[in-house]
Amino acid sequence: MGSLFIRFQEAVKTLAKNPMFANNRLFARDPRHLQFEADVNRLFLYTSYYRLGANAEEKDAEEIIDMASKASVSEQQKQVQENVHYQLTNMCQAMDSILLPDTKNGASEANNYPRRSGLSFAVGTGVASANKPDVPSTRPLNRAELSNKFRDHFQYTLDIRPSQIPHKDAGQGLFLSGETNAGAVLAIYPGVVYSPAYYRYIPGYPKIDACNNYLITRYDGTIIDAKPWQLGGDSREIWDGSDLVDYNAVPSKSQESNSDRAWRMLSKPLKKGHTENFGEVLERRNPLAFGHFANHPPKGSTPNVMICPYDFPLTEKDMRVYIPNITFGGEEEPVTMKRFGSFWFKSGRSGNQEGESPVLKTLVLVSTRSICDEELFLNYRYSNSKKRPEWYIPVDEEEDKRRWS
């Protein structure tokens, strides 16, 4: 398997210089799209490599490498989604086997669990009201116990502990406990998902990143705020993404910039729906929901994970509880937006086109090499048009420029 990975690594480097990418006139006009397609190409190779498994043959690897050089980006993107979904399906099924009561014994196992107190009923945990969804019974494991059992299934799990990066702002880091190969889905980026239509509802808008280090943006403009998720919890519960944290959002003392003024004029707030959103039943013990703790690599280190956009199909009802995200504004009526330069505008059509299934737009972290008992490092790709923290050492300055061009 090691020799095959070397072939894949060589393919990643070679395809990045492929004339199909470099000489396309569209890319010359839109470097951002070039970087997007290069990332899709890498993810196609990494996740396909992982799916080949330990018994892969060289001819299988050569076929995937050949596809990476010939298949369209949209075809590769679909395959990446399928590869990621395949892994997450196995993980969700494993967590079901760990957490759900043994149905072979009927209700006997569930009835042996400690009865919930009156307080738990009062706050809405474990029961359904007239409008709130029901929270199914699960085995009474805490977050650490579920994490250990997850490792028994997949030979790795995630830990949060002080980062090994030698600077004062490093804080907590994300560590892989165990080992895995390249192309593995290691973490999900949890939190509240904001489409461009709802940017104005992000706490602290328009200076949303002034007091929040847990924001991340997909190429399609979707922003995920992981700050409300924090470390998760010790139960399966209804989670509505309420801001239980202090954003310390202090109005700027400086004068309003032209950009902020344009946003204020062009991005009118959308009215909330008439129906109250009671949130979603989510597994707050989820051992994968720690993508927001991955740090940027320090000087002398390279990333060992990369971001992968993942559109979770909401038709997969059994898996929904393990996807640690909710969509601001609800999941039933998505608003279609189009990007023009730095601005997003509402388009004429809303919702999904005919034949398309509704999706929840999120992100996962995928390993880019074999990892064993290490801290996970993610290339933050900060924009070089803004002042960057003193600890930020660009991994690839050209990629940063293309990503935010």
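The values are calculated or read from the model by the stated rules, or taken from the named source; none is laboratory data. Bear in mind the structure is a predicted one, so any value in this text is a computation, not a measurement. Counting neighbours? That spans all protein chains shown, and the Cβs are built from the backbone with ideal geometry, glycine included. SASA here: full protein model, heavy atoms, side chains in, ligands and nucleic acids out. Shrake-Rupley method; radii C 1.70, N 1.55, O 1.52, S 1.80 Å.
Sub-8 Å Cβ pairs linking a first residue in segment 374-398 that is in contact (Cβ under 8 Å) with a residue 24 or more places away in the chain to a second residue that is small (Gly, Ala, Ser) and in a loop (DSSP other than H, G, I, E, B), at least 6 apart or interchain, are Glu375/Ser163; Leu376/Ala294; Phe377/Ala294; Phe377/Ser301; Leu378/Ala294; Trp391/Ala170, ordered by first then second residue. Could we say that Ala210 is crowded, with 21+ Cβ neighbours inside 10 Å and over 14 Å from Phe290 (Cα atoms) here? Criteria not met by Ala210. Against the list (1) modelled with pLDDT of 90 or more; (2) surrounded by fewer than 17 Cβ atoms within 10 Å (Cβ to Cβ); (3) in contact with a His (Cβ under 9 Å, 6 or more places away or on another chain), the condition Leu26 fails is (1). Screening Asn181 against (1) out of contact with any Phe, Trp or Tyr (no Cβ under 8 Å at 6 or more places or on another chain); (2) open to solvent by 30 Å² or more (accessible area, probe 1.4 Å) leaves a single unmet condition, (1).
Kindly state which strands (runs of 3 or more DSSP E) lie completely within segment 198-247 and contain at least 1 residues that are within 21 Å of Lys401 (Cα to Cα). Lay out the reasoning, then the answer.
Working: elements: 215-217, 223-225, 236-239.
So the answer is 215-217, 223-225.
Quick test for you: out of Asn277, Asn325, Asn304, pick the one residue that is surrounded by 15 or more Cβ atoms within 10 Å (Cβ to Cβ), modelled with pLDDT of 95 or more and more than 16 Å from Lys361 (Cα to Cα).
Details: Asn277 fails: modelled with pLDDT of 95 or more; Asn325 fails: more than 16 Å from Lys361 (Cα to Cα).
Result: Asn304 is the single residue among Asn277, Asn325, Asn304 that is surrounded by 15 or more Cβ atoms within 10 Å (Cβ to Cβ), modelled with pLDDT of 95 or more and more than 16 Å from Lys361 (Cα to Cα).
Which residues, taken from segment 213-241, are crowded, with 19+ Cβ neighbours inside 10 Å, within 15 Å of Phe328 (Cα to Cα) and in contact with a helix residue (DSSP H, G or I) (Cβ under 6 Å, 6 or more places away or on another chain)? Passing the criteria: only Ala226.
For segment 67-160, which fully contained helices (runs of 4 or more DSSP H) count at least 2 residues that are at pLDDT 95 or above? Please lay out each step first, then the result.
On the way: elements: 73-99, 108-111, 118-122, 143-154.
Result: 73-99, 143-154.
Scanning segment 355-384 for residues that are among the small types (Gly, Ala, Ser) and more than 29 Å from Thr327 (Cα to Cα) gives a single hit, Ser370. The single condition from (1) within 22 Å of Ala289 (Cβ to Cβ); (2) in contact with a helix residue (DSSP H, G or I) (Cβ under 6 Å, 6 or more places away or on another chain); (3) open to solvent by 10 Å² or more (accessible area, probe 1.4 Å) that Pro162 fails is (2).
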